[in-house]
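To start, the structure itself, in structure tokens.
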Amino acid sequence: MPDPDVSNQRVDIWLWHARFFKTRTLSSKICRAGKVRLNGLKITKAKTPIIVGDILTFPQEKKIRIAKILAFNHRRGPAPEARALYEDMTPPPTEIKRIEKSKVALRDRGTGRPTKNQRRATDRLKNIFPD
């Protein structure tokens, strides 16, 4: 249950309470590595205080998460309770990004495998536009 008595909280503890990271150590490491942004500013200390209304931007797995802080909690509770602590502002992945991330080039159905010449042309194209 969100705690209305708390006015601010450490960023690493909040990330752990909101269940973005499995352990507090992981959330602390992400903060100390400078990978968390608080209202657009990079933070390097896990003890940085946050307040309601702040926006956190941080990497989680292979995507960037954006969360607006709505409340604080006095413990790491169940997932439904944790979801009440923030508003997820992460934009949904677009179809183009999904296609760009795929390792296999898209081909029309029924055209078979690419010939050696087609494969080399694809490789040349990939080298022009590296990831």
Selection within the stretch 45-69 - of a type outside the set (S, T, N, Q) and farther than 15 Å from T90 by Cα: K45, A46, K47, P49, I50, I51, V52, G53
Some residue of the stretch 56-71 being modelled with pLDDT of 90 or more, outside any strand (DSSP E or B) and not acidic (D, E): yes
Qualifying position, being surrounded by fewer than 16 Cβ atoms within 10 Å (Cβ to Cβ), over 16 Å from the mean Cα position of the chain (by Cα) and not aromatic (F, W, Y), among K68, K62, K42, K47: K47
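Sort out which residues of the stretch 26-44 are β-branched (V, I, T) and within 17 Å of M89 (Cα to Cα), and write them in order of number.
V36
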Selection count where residues are within 13 Å of I13 (Cα to Cα), free of Cβ contacts under 8 Å to residues at least 40 places away in the same chain and among the β-branched types (V, I, T), scope the stretch 37-82: 1
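The values are calculated or read from the model by the stated rules, or taken from the named source; none is laboratory data. Quick caveat: nothing in here was measured; it's all calculated off a predicted structure. When we count neighbours, we look across all protein chains shown, and the Cβ atoms used for this are built from the backbone with ideal geometry, even at glycine.
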